[in-house]
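The values are calculated or read from the model by the stated rules, or taken from the named source; none is laboratory data. As the structure is a prediction and not an experimental result, all values here were calculated from the model. All Cβ positions, glycine included, derive from the backbone under ideal geometry; neighbour counts span all protein chains shown. These accessible areas exclude ligands, DNA and RNA; they are computed on the full protein's heavy atoms, side chains included. Shrake-Rupley method; radii C 1.70, N 1.55, O 1.52, S 1.80 Å.
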Amino acid sequence: MGDLHKIKYGIIGKNLDYSLAPEVHNQFFDAYSIDGTYDIIDIKENQSYEDVVSILMQYKGINVSAPYKKPIIKYLDEISENAKNIGYVNTINNVNGKLYGYNTDVEGFKGLLDIHHLNARGKSFVILGSGSIAKSAIFVLKKMTKKITVVSRNVDEVIDGATIVGYDQLHALQADVLVNATNIGLYPNVNECLLTKQDIEKYEYIIDLVYNPVFTKLLQTGVKCGKKCISGLYMLICQAMRSESFWQGFDMESAVKRVYAQVNAIEKNKGKANIYIVGMMGCGKTELSKKIAKATKRKYIELDDLIKSMSGLSVNQLYEQGGEELFRQWEEKAIIKVAQMKNKVVALGCGTVLKERNVLTLKLSGVVILRDRPINDILKDIDLTDRQGVQSKEDVIRLYNERYPLYVDVADYILPYGDIDKDLEKILELLK
């Protein structure tokens, strides 16, 4: 079927070369066999009412980007309660020539917090920016946070649930969570960052709602400082799939993770991000990692070897000197170091996922693949010699039950254990 007969969707905005929206929605169309196209539509700020309406009527569904999320409202027949409360529309559904407006950024931000298990209740937030994305985040946060401080150029603005300060006060602020809701650091200005390392040290979490690049300068600095860092890519996918739910007429919750996995892998591969292999002891992480490294011409790293080179002590020596706590401290330092690298294949220890900071850093800096071997198969041939904290098969079962849900949570892809060469083929196809 030619493009003339496809259902048309798109995004209106200004200077949208950075946008991943076409990539996201086209991945969705491919995954669910929807005969649609997705266009970038440049709207001039001085275009007439008639011109804008004429453009909107050509499309079944439209996403709206800055600076048009507020001005577009006057062209619509009806808007949702969320859109009324926030004052911005980012999604339009054309139903038989009647234009309905929605705000899906609220669902996007909530989804971002949920997928990363960030409980905002009782926490304090500093949000950079006071535009539509910031106001959507505030709408989600204001009933459960301890305090929200917004850093804005417009200090006279009033936002329900937040205190407004100017950028001249930025370096004096501190809170539990920092959220960048500006375009600072967005492609092509990837080296821009408002905060110094001294600023970032004052926060526990760093959330950058910029999604291109995924691993921004702000987040890179946050990882170096040992902070829990979260990219805005998942928010983009959540709000996009919520848009699709209006356009397609059914719930898109199941599509979010599927499309996220695809777009995440594409964007990570563009940036030559690392590949992390995670799983229980006895699942063959080392052997598979070496084969992937050879096939993809990447360098292979065994995390335990990196820990040894950084600490000057073997795993056994670290346990002898300070127990598991000392080992985990060095493991965390090794994760921070490897996250600064690119194009590596890393075999992780089976307990690397125990710390939230490690999990967030892995998800941010690479593609995580779980080699999923059933516990009964592991028990058949596992060698318990020199395995710290494991002296019996009962110990292995206990660790498996504790850690398996964490493996599933961190993994971008779950690869059932099988023939090593066939598993390699699956991964190479996946990485394409």
Apply the Debye scattering formula to the chain, with a single equal point scatterer on each alpha-carbon and no solvent, then give log10 I(q)/I(0) at q = 0.07, 0.09 Å⁻¹. -0.39, -0.63
How many angstrom lie between the C-alpha centres of the range 380-432 and the range 115-188? 39
So if I place +1 on the C-beta of Lys and Arg and -1 on the C-beta of Asp and Glu, and nothing else carries charge, what would the dipole magnitude of the chain be about its Cα centre? I want it in debye, nearest 20. 640
Based on the Cβ-Cβ distance from residue 254 to residue 321, what FRET efficiency comes out when R0 is 56 Å, to the nearest 0.05? 0.70
Return the Rg/Rh value of the range 356-432, two decimal places, where both radii are evaluated on C-alpha atoms and Rh is the Kirkwood radius. 1.01
Segment residue 187-residue 401, extension gain: residue separation times 0.36 nm, minus the distance between their alpha carbons: 72.8 nm
Evaluated at 37 °C and 0.692 mPa s, the Stokes-Einstein D of the range 48-126 based on the Kirkwood radius over Cα pairs, in µm²/s, stands at 236
List the aspartates and glutamates whose Cα sits under 16 Å from the Cα of residue 84, skipping any in the same chain fewer than 8 residues away. 105, 107, 160
Could you calculate the FRET efficiency of residue 392 with residue 31 from 1/(1 + (r/R0)^6), where r is the beta carbon distance between them and R0 is 51 Å, rounded to 0.05? 0.70
Here the percent of antiparallel bridges among DSSP beta bridges lying wholly in the chain, to the nearest 5, is 15
Whole-angstrom Cα spans of the range 97-216 along principal axes, big to small: 52, 35, 34
Computed magnitude of the charge dipole of the range 109-254 (debye, nearest 20; Cβ of K, R +1, Cβ of D, E -1): 380
Quick check on the range 1-152: what does the Kirkwood estimate of hydrodynamic radius come out to from the alpha carbon pairs, in Å? 16.9
On the protein heavy atoms, probe 1.4 angstrom, tell me the percent of accessible surface of the chain carried by carbon and sulfur. 48
What's the center-to-center distance, using Cα atoms, between the range 204-226 and the range 292-346 in Å? 22
Using the charge dipole of the chain (Lys, Arg: +1 at Cβ; Asp, Glu: -1 at Cβ; taken about the Cα centre), state which of 292, 189, 311 has its Cα farthest towards the positive end. 311
Please compute the length gained on full extension between residue 196 and residue 163, using 0.36 nm multiplied by the number of residues separating them and subtracting their Cα-Cα distance. 9.6 nm
Report, in deg cm²/dmol and to the nearest 500, the calculated mean residue ellipticity at 222 nm for the chain, where each DSSP H run with n ≥ 4 adds -39500 (n - 2.57) and the sum is divided by the residue count. -13000 deg cm²/dmol
Stokes-Einstein D for the range 287-354 (25 °C, 0.890 mPa s, Kirkwood Rh from Cα pairs), in µm²/s, comes to 196
Note the angle between two axes, namely the Cα long axis of helix 132-141 and the longest principal axis of the Cα atoms of the chain, as a number of degrees from 0 to 90, rounded to the nearest 10. 60
Where in the range 131-170 are there trypsin sites (Lys or Arg not before Pro) that are in a DSSP coil and have at most 15 other Cβ atoms within 10 angstrom of their Cβ? 142, 143, 146, 153
May I ask you to order 293-302, 47-56 by the average number of other C-beta atoms within 10 Å around their residues, highest value first? 293-302, 47-56
Computed FRET efficiency, Cβ-Cβ of residue 81 and residue 426, R0 30 Å: what is it to the nearest 0.05? 0.10
Rounded to whole Å and sorted largest first, list the principal axis extents of the Cα atoms in the range 357-396. 35, 20, 14
Calculate how large, on average over all directions, the projected area of the Cα convex hull of the range 151-289 is; give the answer in nm² to one decimal. 12.1
Within straight-line cross-link reach of residue 290, lysines at Cα separation under 21 Å, skipping those fewer than 8 residues along the same chain: 268, 272, 299, 308, 337, 342, 344, 363, 422, 426, 432
Sorting 226, 216, 241 by the position of each Cα along the dipole of the range 203-265 (Lys, Arg +1; Asp, Glu -1; all at Cβ), the one nearest the positive end of that ordering is 226
Any chance you could look up the accessible area of residue 242 with a 1.4 Å probe, heavy atoms only, rounded to 10 Å²? 80
Restricting to bridges with both residues inside the range 62-214, how much of the DSSP beta-bridge set is antiparallel, in percent to the nearest 5? 30
Unit charges on C-beta of K, R, D, E only; dipole of the range 1-119, Debye: 280
For the chain, longest principal axis from Cα atoms; helix 393-410 axis from its Cα atoms; angle between them, nearest 10 degrees, is 20
Packing-based order for 257-263, 414-420, using average beta carbon neighbours within 10 Å, highest first: 257-263, 414-420
Starting from the exponent 0.38 and prefactor 2.2 Å, build the expected Rg for the range 1-75 from its residue count and divide its actual Cα Rg by it. 1.14
